[in-house]
Amino acid sequence: MNADALVHEINVGQALVRGACPICGVLKEFQSTLAEKIHVRDDLRLCNFHTWLLARAAPAKGAAAVYLKLLEGSPAGKVGALDCDFCQRVLEQEKLQLRELVKRMRRTMFVQWMKSQGSLCLSHSRKLRDYAPLKMRRLIDEIIERTRAELKQELEDFLEHTKQGDHTGGGILGHAAEFLVSQRGL
């Protein structure tokens, strides 16, 4: 797994979608790319989530080779996130992307877009505050509060529709879940 080569393929600017956390988007894509480009190593360690990710997302030949290597090795037991090679790569990528987002948030047009349409999940907004200068933290708070208000309104509207038997628009549930806890698997 050469994560360094993947960094140049994926960046936070490409993950800007109205109503979605760009950091979550980059990290999901990064994990998928890691799974697709998996290299068999003797010391590869995978947590439960990333072992299953390989089964779903990796090319069959790559996943089979990894699983065979893991089965041939000594019984290592359960690997937690702190010891998982994928989890560690995702954390490294998360730090890089948070720094990149701070750089972009210094540009006027980007700030305007983030204020009106951009979104962050609660988890990444908290982490972003650690990388952002003090003057930028107010902007992060504004983005979170606007997103929270929009989601609240959309959820209230959705609930009203469900009372009338109309369950269309259920995608709001995924948006709310991402906002609250980041994308699944991160």
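Taking 120, 159, 173 in turn, the Gaussian network model of the chain (Cα-Cα springs below 10 Å) assigns the largest fluctuation to 159.
Could you check which residue among 93, 153, 31 shows the biggest mean-square fluctuation in a GNM of the chain with a 10 Å Cα cutoff? Maximum among the listed residues: 153. Calculate the FRET efficiency for residue 52 and residue 135 from the Cβ-Cβ distance with a Förster distance of 35 Å, rounded to the nearest 0.05. Given R0 = 35 Å and the Cβ-Cβ separation, E is 0.25. Under a model in which nothing but the beta-carbon of Lys, Arg (+1) and Asp, Glu (-1) is charged, the range 93-186 shows a dipole of about 840 debye around its Cα centre.
Within the listed set 104, 126, 41, the residue fluctuating most in the Gaussian network model of the chain (springs between alpha-carbon atoms under 10 angstrom) is 41.
Taking the Kirkwood radius as Rh and the Cα radius of gyration as Rg, the range 104-186 has a ratio of Rg/Rh equal to 1.06. Estimated from helical segments only, the mean residue ellipticity of the chain at 222 nm is -21000 deg cm²/dmol, where each DSSP H run of four or more residues counts as -39500 (n - 2.57). Computed from Cα atoms, the angle from the helix 85-104 axis to the main principal axis of the chain rounds to 30 degrees.
Seen against the Cα atoms of the chain and their longest principal axis, helix 22-36 is set at about 20 degrees.
When only alpha carbons are used to place a centre, the range 169-186 and the range 112-151 end up 16 Å from one another. The ellipsoid that matches the Cα gyration tensor of the chain has semi-axes, each √(5λ) in whole angstrom, of 34, 22, 13, with the longest given first. Across the chain, Cα pairs under 8 Å and at least six residues apart give a relative contact order of 28 percent.
Read the figures in this text as sums done on the coordinates, not as results from a lab. These figures come from a predicted structure and were not determined experimentally. With ideal geometry, Cβ positions are generated from the backbone for all residues, glycine too; neighbour counts draw on all protein chains shown.
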